[in-house]
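See below for the structure under consideration.
The values are calculated or read from the model by the stated rules, or taken from the named source; none is laboratory data. Small disclaimer: the values here were computed from a predicted structure and weren't measured. Methodologically, a virtual Cβ is constructed for each residue, glycine included, from the backbone with ideal geometry; neighbour enumeration extends over all protein chains shown. These accessible areas exclude ligands, DNA and RNA; they are computed on the full protein's heavy atoms, side chains included. Shrake-Rupley method; radii C 1.70, N 1.55, O 1.52, S 1.80 Å.
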Protein chains: 2
Amino acid sequence: MALSMPPPVLPPTASARTLAVCRAAARFCAQRGWAPVREMPLPNGRRADLLALLPDGGFVVVEVKSCARDFLADAKWPEYRDFCDRLYFAVDLDFPAELLPAEVGLLVAEGPEATMVREAPCHKLAPSRRRALLQRYAVVAAARLAALQDPAGQAEIRAALRAD
Amino acid sequence: MALSMPPPVLPPTASARTLAVCRAAARFCAQRGWAPVREMPLPNGRRADLLALLPDGGFVVVEVKSCARDFLADAKWPEYRDFCDRLYFAVDLDFPAELLPAEVGLLVAEGPEATMVREAPCHKLAPSRRRALLQRYAVVAAARLAALQDPAGQAEIRAALRAD
């Protein structure tokens with residue numbers, strides 16, 4: 001009978017997959033003492049899926065790719081290098097990892113956790129850019145938090161701090 | 001008849017008053033482009049009610065006082081000076097403002113908004129302390145935000161980032 005059949009297991013949509021990988025990557029960062037901010041707007045107009053601040057002041061970008069098409073459609077990922085010391089892709093187990101360039105680090109998510117499969121090379125930020133990036137990162141994180149803490153003033157706070 | 005009488009207007013409790021003044025002070029900051037973080041743990045073991053980062057990299061502490069007793073019980077407020085460029089008290093209209101020292105700035109909250117009644121003198125942070133404070137501020141804000149975005153991993157994230 002139809003009623004006794006289990007519901008079909010649907011493949012996760014690209015956005016659900018992106019969210020799951022992003023969450024696993026954020027948890028990976030936090031476990032190492034790297035403080036992650038999601039959807040971080042950069043001065044070049046792009047948004048990093050995740051920009052993490054390390055205890056030593058270093059910055060890591062993690063770029064989430066939900067599927068091969070998502071990666072192949074983005075020719076501009078090298079631009080993230082300009083705003084971090086190390087760059088990683090984060091994908092899930094279904095992603096064809098051989099597509100990804102060897103000179104970028106790789107995190108692989110499985111459920112809520114992620115593992116580092118390949119370390120990223122270090123390309124140190126210039127001091128002036130690091131200072132500016134830290135100021136931007138701090139304002140974005142604080143503005144989002146302040147907006148959440150004052151629902152009535154949320155729109156005003158976001159607009160005033162122009163952090164997004 | 002008893003039923004037609006309006007409910008009694010109870011005075012707000014100290015904590016409700018603190019919260020209301022704190023929210024108004026946070027909104028005041030945001031309106032000026034200062035990004036406020038509430039309940040900011042400082043290296044000296046104290047917590048600033050509000051530490052705001054200015055666009056030029058400056059830091060402001062706003063210390064909320066709910067009532068005269070709250071102010072008189074805190075002999076250590078001068079210690080906040082060591083972690084900001086300018087220090088303000090924030091109070092509401094019922095607070096006896098003449099109690100407050102003239103060498104500290106003053107914000108007065110009325111409902112959801114606050115007004116600057118007295119500007120604070122500037123005592124510039126040393127560059128090394130400013131750098132360390134910005135790193136701490138950024139990690140606290142990002143860690144709180146990351147914990148909110150991952151309710152299941154919240155405790156783990158907060159513990160790992162040791163930001164509070």
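Count charges around B:Ala68 for me, please; just the other residues with Cβ under 15 Å from its Cβ, Lys/Arg as +1, Asp/Glu as -1.
Neighbour charge sum, excluding B:Ala68 itself: -3.
Between B:Arg47 and A:Leu19, what is the label-point separation in nm under the 7 Å Cα-to-beta-carbon projection?
Rounded to a tenth, the inter-label distance reads 3.1 nm.
Report the Cα-based extents of the stretch B:58-159 along its three principal axes, largest first, to the nearest Å.
The principal-axis extents, from largest down, are 47, 34, 25 Å.
Evaluate Rg over Rh across the protein assembly as shown, taking Cα atoms for both radii and Kirkwood's formula for Rh.
1.07
How many partner chain Cβ atoms sit within 10 Å of a residue's Cβ in peptide B:45-53, on average, as a whole number?
Numbers: counts 0, 0, 0, 0, 0, 1, 1, 2, 6.
That average works out to 1.
Using only the alpha-carbon atoms, how far is helix A:127-149 inclined from the longest principal axis of chain A? Give it as 0 to 90 degrees, nearest 10.
The two axes meet at around 60 degrees.
Return the carbon/sulfur percentage of the accessible area of the stretch B:19-123, one whole number, probe 1.4 Å, all protein chains in place. The partial results should precede the final answer.
Numbers: 2310 of 4280 Å².
Roughly 54 percent, rounded to a whole number.
With a bin width of 5 angstrom, please list the P(r) values of the stretch A:1-122 as percents of all Cα-Cα pairs, from the 0 bin to the one holding the largest distance.
Going from the shortest bin to the longest, the percentages are 2, 11, 22, 24, 19, 9, 4, 3, 2, 2, 1, 0, 0.
Enter the mean number of other protein chain beta carbons within 10 Å of the beta carbon of each residue in A:24-36, as an integer. Mind dumping the intermediate values first?
Details: counts 2, 0, 5, 7, 0, 5, 14, 6, 2, 6, 5, 14, 8.
The mean count of partner-chain Cβ atoms within 10 Å per residue comes to 6.
What does the net charge come to around A:Val21 if you take all other residues with beta carbon closer than 12 Å to its beta carbon, with K and R at +1 and D and E at -1?
For residues surrounding A:Val21, the net value is -2.
Along the Cα→Cβ direction, 7 angstrom out, place labels at B:Ala75 and A:Val117. What is the inter-label distance in nm?
6.2
For the stretch A:14-124, what does the accessible surface come to per residue with a 1.4 Å probe? Please give it in Å².
42
Return a whole-number percent for the relative contact order of chain B, with Cα pairs under 8 Å and 6 or more residues apart as the contact set.
The normalised contact order for chain B reaches 18 percent.
Rounded to the nearest 100 Å², what's the accessible area chains B and A bury against each other, both chains counted, probe 1.4 Å? It would help to have the intermediate numbers written out before the result.
Details: alone 9440 and 9440 Å², together 16090 Å².
Summed over both sides, the interface buries about 2800 Å².
Among all the lysines, which ones have a C-alpha under 28 Å from A:Lys76's C-alpha, if same-chain residues fewer than 8 places away are not counted?
The qualifying lysines are A:Lys65, A:Lys124.
Below 8 Å between Cα atoms, with a sequence gap of 6+, how large is the relative contact order for the stretch A:68-164 in percent?
Reported as a whole number, the value is 20 percent.
Using alpha carbons only, how many degrees (0 to 90, rounded to 10) separate the axis of helix A:14-31 from the longest principal axis of chain A?
60
Tell me the net charge near B:Ala142. Cut-off is 10 Å between Cβ atoms, B:Ala142 excluded, with +1 for each Lys or Arg and -1 for each Asp or Glu.
Net of charged neighbours comes to +3.
So what is the 222 nm mean residue ellipticity for chain B from helices alone, if each DSSP H run of at least 4 adds -39500 (n - 2.57) and you divide by all residues, rounding to the nearest 500 deg cm²/dmol? Display every interim value, and only then the final one.
Details: 4 runs with 54 residues, N = 164.
Theoretical 222 nm ellipticity from helices: -10500 deg cm²/dmol.
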